[in-house]
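Input: a single structure, listed below in structure tokens.
FYI, it's all coordinate maths here, none of it is from the lab. This one's a predicted model, so the numbers in the text were calculated from it and none came from an experiment. A quick note on method: Cβ atoms are made from the backbone with ideal geometry, for glycine too, and the neighbour counts reach across all protein chains shown.
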Amino acid sequence: MRAALYARISTHDQQTLGLQTKAMTSYINDRGWYVVKSIEDVGSGAKDRPGRESLLKAARRREIDVIVVWRLDRWGRSVADLMMTLRELTELGVGFVSLTEALDLTTPTGRAMAGLLAIFAEFEREILRERVRAGIAQARKEGRRHGRPPTASPKAEEVRRLKAEQISHSEIARRLGIGRTSVRRILAAS
């Protein structure tokens with residue numbers, strides 16, 4: 001099998017790169033696979049990962065059969081992101097192995113575990129939705145606003161005053177730091 005290994009470190013975690021690469025190379029060699037790509041990304045998990053993106057492109061071009069990572073958190077930004085990329089890899093027929101979690105999607109047991117991860121990801125999304133709904137309901141009950149704070153409506157009086165001075169909508173918006181659409185909306189309501 002043509003294997004790709006993916007290692008990622010943050011700038012704060014420099015010392016584990018060699019550990020990750022050594023463990024993955026050993027795993028690949030023990031299975032008789034061969035490394036066709038070895039990618040190392042350095043940086044925060046929230047930022048772009050050009051190496052990971054290049055591996056996904058290689059998978060789409062059918063250049064690799066399996067991706068090996070040291071830990072799941074090295075690959076996925078979040079549970080939802082992890083599940084989305086694992087689903088795509090599965091549809092492409094590309095295996096995925098995470099050494100630390102002993103997750104191997106090239107086996108039936110590993111695919112079953114991925115199914116359980118998908119269930120937990122959906123559960124996590126539902127809990128988050130419920131919390132948001134409860135927070136909005138509580139804010140309404142207490143008479144508090146929710147959502148984005150108003151930026152233009154507190155300046156409505158000033159908008160009307162400037163318009164009375166024959167100042168254009170664009171100039172009013174620029175002076176008050178609001179959008180032209182907001183200026184038009186305020187004046188239309190007058």
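Here Pro154 clears all of (1) farther than 30 Å from Ala80 by Cβ; (2) in contact (Cβ under 8 Å) with a residue 24 or more places away in the chain except the condition numbered (2).
In segment 86-112, the residue that is farthest from Ala3 (Cα to Cα) out of those that are of a type in the set (Ser, Thr, Tyr) and touching a Leu at 6+ places or on another chain (Cβ under 7 Å) is Thr90.
For Val159, are the conditions met, namely being among the hydrophobic types (A, V, I, L, M, F, W, C), touching a residue at least 24 places away in the same chain (Cβ under 8 Å), surrounded by 10 or more Cβ atoms within 10 Å (Cβ to Cβ) and outside any helix (DSSP H, G or I)? Considered against the rule, which asks whether it is among the hydrophobic types (A, V, I, L, M, F, W, C), touching a residue at least 24 places away in the same chain (Cβ under 8 Å), surrounded by 10 or more Cβ atoms within 10 Å (Cβ to Cβ) and outside any helix (DSSP H, G or I), Val159 comes out as no.
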